[in-house]
Every structure is written in structure tokens, then in C-alpha cells.
């Protein structure tokens, strides 16, 4: 699922699904029939948000639910999701640091003691 912000006077949001958000944004911004009818008169659009989904069905459900939200709820949804992703990345980085620290400690503990020679 992806969300673009339109270049119209209200800076409206358009939500859709795709496997390639960058390609889709280019299609929205080009003068062809590949972009959505809604965005054709609201160019340029810019990518605001993407969310990976487990399946096309899951993406369609998330898109439908997102479209029912008010503008403020949409902003809150995007911010909450981005915050969750950032916290997950920080947690993963901290776990990797802990593993690296453990590996360093193990390597230091297994070095032969040269002080007895």
C-alpha cells in the first residue's frame, strides 16, 4: 500500500496498492493514462508513505480501511506506522550490537594467556 500527497490546493492524499511505489508515482506524474484519474488533475504527486503487506488481499483491505479515515486519522496512522518501524529498527540494531559485544567477549576470552611464558 502507498500514499501520495497531491499537488492540489488542499494537498489531498491518494492511496493505492502496488509492488513498485516509485514506478507508480512516476506513472501518476506523467501525461498518460497509467496514472489514476483522481491524480491527473492534482499533479505533481509525491510519495508520503509505503506499507508492506503480506498479500494483495491484505493490501486491498488496508487500502479500503485507510480510505475511510479522516485526514487527521490518516496522518496519525502514517506517523504511528513509521514510529513502529523505527522502533523495530532500533531494537534490531541494539540486538545486533549485543551479539557483536558477546562475540568480542568470547574472542577475547578464548585467546591464549601469554603472561605465563
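Throughout, read-outs are computed from the coordinates displayed, never taken from laboratory work. Predicted model, so just to flag it, every value in this text is computed and none were measured. For neighbour counting, all protein chains shown are included, and Cβ atoms are generated from backbone atoms with ideal geometry for every residue, glycine included.
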key: Residue under evaluation residue 28, criteria (1) in a loop (DSSP other than H, G, I, E, B); (2) closer than 21 Å to residue 7 by Cβ, criterion not met   = (1)
inquiry  = surrounded by 11 or more Cβ atoms within 10 Å (Cβ to Cβ) and closer than 26 Å to residue 84 by Cα: is that true of residue 46 in this structure?
reply    = yes
remark   = Of the residues in the range 31-56, those that are assigned to a helix (DSSP H, G or I) and touching a helix residue (DSSP H, G or I) at 6+ places or on another chain (Cβ under 7 Å) come to 39
query = Can you name the residue in the range 5-25 that is closer than 20 Å to residue 72 by Cβ and in a loop (DSSP other than H, G, I, E, B) and is also farthest from the chain's Cα centre (by Cα) among such residues?
reply = 9
request  = State whether the residues of the range 83-96 include one that is touching a helix residue (DSSP H, G or I) at 6+ places or on another chain (Cβ under 7 Å) and free of Cβ contacts under 8 Å to residues at least 24 places away in the same chain.
outcome  = no
